[in-house]
Structure formats: C-alpha cells, structure tokens
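Asker: Structure below; questions to follow.
The values are calculated or read from the model by the stated rules, or taken from the named source; none is laboratory data. Worth saying up front: this structure is predicted, and the values here are computed from it rather than measured. Glycine gets a Cβ as well: all are built from the backbone with ideal geometry, and neighbour counts include every protein chain shown. Surface areas here come from the heavy atoms of the whole protein model, side chains and all, with no ligands, DNA or RNA. Shrake-Rupley method; radii C 1.70, N 1.55, O 1.52, S 1.80 Å.
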Amino acid sequence: VAAAANAARDGDVVEIDAGVYSADVASWYQDNLTLRGVGGFAHMRADGANAQGKGIWVIAGSNTVVENIEFSNVTVPDQNGAGIRAEGWNLVVCNGYFHDSDEGILGGNGEVLIEYSEFDNNGYGDGYSHNMYILEGTEKFTLRHSYIHHARIGHNVKSRARENHILYN
C-alpha cells in the first residue's frame with residue numbers, strides 16, 4: 001500500500017485486494033483519489049507502525065474517497081494515532097471499519113461524509129481521544145447509516161464542524 005501511495009497520481013483509483021496489511025502505513029498527497037478495498041475489506045493493521053507519527057493513513061490530498069477499508073491497532077506516542085488522519089479537503093468514507101486504536105478518524109477540512117461504517121473501541125482511554133474526532137475547519141460533517149459504539153472513555157462522535165448532520169445511525 002505504501003508503494004501504491006508513492007506511485008499514485010491525481011485522479012487515480014487505487015484498488016487494494018482484501019486481506020491483512022500489517023505495518024503497511026501510507027501518506028496520500030494526491031487529489032481526487034479513490035482508495036478501495038476489493039473482494040472484501042482490505043485490513044490496514046498498524047502493528048506498531050505509523051505514518052508521520054499520526055496514524056495508519058495520513059490523507060493530505062483533497063477530494064478523497066475511501067471504500068471498504070478496515071483500520072485497526074494504531075497507537076502513537078502522543079496518543080492520537082488514527083486509522084485516518086484527515087488533513088486534506090473533502091473526505092468521503094464508505095463502508096469502513098475502525099477499531100482498537102487511539103482514534104478512528106481525526107481531522108477534517110471542507111466537507112466530511114462518513115456512511116455505512118463502524119467505529120468500535122477507539123480512544124486511548126484518557127477522555128481526550130475518541131471513536132472519531134472531526135476538527136474545526138470542517139464546514140460540513142455528515143455521519144449516516146453507521147454503527148458507532150463502545151468508545152474507550154472518550155466520545156463516540158466528537159465534532160467541531162460548523163454544520164453537523166448525524167442521521168440514521
């Protein structure tokens with residue numbers, strides 16, 4: 001996966017075969033990417049690795065779509081290790097599974113849409129980390145048709161977005 005992140009160009013569709021990818025972390029800088037698991041979940045398991053000290057995937061490009069990807073087992077020294085660290089503009093996550101990490105998703109700019117996804121057992125356990133944490137700078141956050149449960153002490157959903165739509169979860 002890291003090799004695909006290095007080779008990708010703006011507008012690419014990156015398809016990742018179902019399976020477990022242990023310690024294969026990546027930073028995505030390209031715009032208009034679709035990152036898709038095929039044949040089932042592509043399971044990104046940190047297993048002690050992280051990208052930039054931030055998480056499994058750091059998404060710095062804009063207009064990124066993430067589909068059919070599972071993220072788990074990430075922790076970093078500052079206790080904010082996320083499955084996805086969203087630093088670019090406009091992120092869509094569909095059919096994701098985020099579990100057993102410091103944070104499921106952390107970040108956001110522009111618009112963030114999460115749908116048909118599950119967040120379970122994320123949060124470092126100190127009350128400052130959560131299943132998901134959508135930061136200031138996000139204009140619109142929509143969470144729909146998802147199952148969010150069992151955050152470790154922190155919030156199931158924490159958002160500082162300007163506009164929030166939490167629907168049918």
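Asker: What value, in deg cm²/dmol to 500, does the helix sum -39500 (n - 2.57) over DSSP H runs of n ≥ 4 give at 222 nm once divided by the residues of the chain?
Answerer: -1000 deg cm²/dmol
Asker: I'd like the distance separating the alpha-carbon centroids of the range 92-119 and the range 15-40, in whole Å.
Answerer: Measuring centre to centre over Cα atoms gives 14 Å.
Asker: Evaluate the range 50-155: find the radius of gyration of its Cα atoms, find its Kirkwood radius, and give the ratio Rg to Rh.
Answerer: Looking at the range 50-155, the ratio lands at 0.92.
Asker: Now a separate question. Could you give the size of the charge dipole of the chain about its Cα centre, using +1 on the Cβ of each K and R and -1 on the Cβ of each D and E, expressed in debye and rounded to the nearest 20?
Answerer: Values: 11 positive and 22 negative charges, 53 e Å.
For the chain, the charge dipole is close to 260 debye.
Asker: Report the gain in length on full extension from V38 to E136: 0.36 nm times residue separation, minus Cα-Cα distance, nm rounded to one decimal.
Answerer: Full extension of this stretch gives 32.0 nm more.
Asker: Answer rounded, prolate or oblate for the range 42-94, using the Cα gyration tensor with square roots of eigenvalues a ≥ b ≥ c: rounded when a/c is under 1.5, else prolate when a/b is larger than b/c, else oblate.
Answerer: Verdict is oblate for the range 42-94.
Asker: Tell me which of F98, G108, G61 sits at the most positive position along the dipole axis of the range 49-145, charges placed on C-beta atoms (Lys, Arg +1; Asp, Glu -1).
Answerer: Of the candidates, G61 comes out farthest on the positive side.
Asker: Given a 1.4 Å probe and every protein chain left where it sits, what share in percent of the accessible area of the range 34-93 is carbon and sulfur?
Answerer: For the range 34-93, the apolar C and S fraction of the accessible surface comes to 47 percent.
Asker: Just name one of F119, F71, N156: the one whose Cα is farthest towards the positive end of the charge dipole of the chain (beta-carbon charges, Lys/Arg +1, Asp/Glu -1).
Answerer: Ranked along the dipole, the leading option is N156.
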